[in-house]
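Take a look at the structure below.
No value in this document is a laboratory result; all are computed from the given coordinates. All values derive from a computational prediction rather than experimental measurement. Here Cβ is always computed from backbone atoms with ideal geometry, including for glycine, and neighbour counts include all displayed protein chains.
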């Protein structure tokens, strides 16, 4: 899935959404980092988790 | 007054000498401060040196020793990563931005614990900005260097903790470990470093990074010091919402039990294919020394590491969102671009990572029904030359900064306790750590193995020859 990921478009979209400043010379690194994170996420999303598997939480009401 | 060398001695020996009045706390504090003055410019370990208060605290310890007060760390100099609150000082957390914050109004919980035990705080230590680092490099305060070879990294993000202890400025230091930030500098600087179980020690009064993964712990030149300090650090604190309700675990008294009865295995697969020869040799040397003949595969370790990566990027970016949006130019470029990218992560990815965390915890819990200890390399290699930007592992070129912690990340991801044990291979000019991993809440087992390895001479943590 990472092969088809358009990091430039994602960063441009999220920059506007989050009202971020990203100078031109920072952009390649930001795109590289979100690409690496997408690759990590692909690895996770391709793993079959049981529906009963819940996130561990420390929240105590 | 004495021939005792408080620079070479470990904390246990120092405390014993102060308690028996062979040595005074004033003497040990002065020796530590002199050593800091002598070496800090070259190493960049301390960002803040506390001199006047340290000496007055030492005098107070001497007065208390004279009244036979119970002080297990009497006269032991220590320092803390500068994300720990120190009363009267701004907690910079390795950043430019936070150093203009108002001064802390109280010491961090763990700093107070050490002081109450008679230890003397001599300052705050350099670190990677906001703890998002494995190198020890910091654009604001200068790079923290490795005392065993000053052309190389101390490792991070608890870089000053590693450099200060390995150079003999202090016998013990506190660090934080979200993905490996105690264990990596322990490996690079040749120290014993303990990352306790997640939720064991209070983090109150420290600047966070990733609340669901943040741990605090000690670094030292002996395993018995880790145990001594860990025993002092434990205690309930309602101010840390993640602290678990667990009874005190005595570890110092357990060290004498050695490795008898422990079922010890080495990890294969992921933990061998990504390791350089020196890392494999170190694990093999430890395995041989403790009779660990079985190799086990930890399934899905790469996914565990990926999940820790996603959670860290997202949760860290959330913490710093206002700062990264309003003052991006004031960040270290090496962390800025990662935090910016971290604001762009879909919630779906993060939730999957948290659910995988539960799955992986259960898997490892089952593995520990069969074993008491699992060994891995702490880092894939020895300390890298400063300013190294990329590394090659298993034939793949990758960025250095996020990947030094390949072996530590899957373990802290599920909060297991681990001790990094320093190994000097024959003829080696640099140390490398072996990660001794125990089941949750069993720091005592990992410390027993570490102490045994030091007792038989397989592990050692000499003060660097500077």
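Couple of notes before you dig in:
- Annotation: the antiparallel percentage among DSSP beta bridges lying fully within the stretch B:25-158 is about 55.
- Shielding of A:42-53 by partner chains, average beta-carbon count, 10 Å: 5
- Of the residues B:157, B:151, the one with the fewest other Cβ atoms within 10 Å heads the list, and the complete ranking is B:151, B:157.
- For the protein assembly as shown, the share of alpha carbon pairs falling in successive 10 Å distance bins from zero is 4, 20, 32, 27, 13, 3, 0, 0 percent.
- Take every DSSP beta bridge whose two residues both sit in the protein assembly as shown; close to 70 percent of them are antiparallel.
- Other protein chain C-beta atoms within 10 Å of residue C-beta, averaged over B:347-355: 5.
- Overall form of the stretch B:300-401 per C-alpha gyration tensor (a/c, 1.5; a/b vs b/c): oblate
- Beta bridges from DSSP with both residues in the stretch B:11-455: antiparallel share about 70 percent, rounded to the nearest 5.
- Spin-label model distance (nm) - residue B:41 vs residue B:362, 7 Å beyond Cα toward Cβ: 6.0
- q = 0.22 Å⁻¹, the stretch A:2-45: log10 I(q)/I(0) [Debye, one scatterer per Cα]: -0.74
- Protection proxy ranking of B:131-144, B:329-342, B:350-363, by the mean of other Cβ atoms within 10 Å over each peptide's residues and highest first, is B:131-144, B:329-342, B:350-363.
- With the highest mean first, a sort of the peptides B:247-260, B:86-99 on other beta-carbon atoms found within 10 angstrom per residue produces B:86-99, B:247-260.
- Shielding by other protein chains, A:27-34, mean Cβ within 10 Å: 6
- Inter-part distance where the stretch B:231-245 and the stretch B:317-353 are each reduced to a Cα centre, Å: 29
- Per-residue ellipticity at 222 nm computed for the protein assembly as shown from its helices equals -12000 deg cm²/dmol, with DSSP H segments shorter than 4 residues left out and the rest contributing -39,500 (n - 2.57).
- Largest-first principal axis extents of the Cα set of the stretch B:11-455 (Å): 57, 57, 45
- Estimated FRET transfer efficiency (residue A:25, residue A:45; beta-carbon r; R0 22 Å; 0.05): 0.10
- Cβ crowding within 10 Å averaged over residues, with B:208-218, B:158-168 ranked highest first: B:158-168, B:208-218
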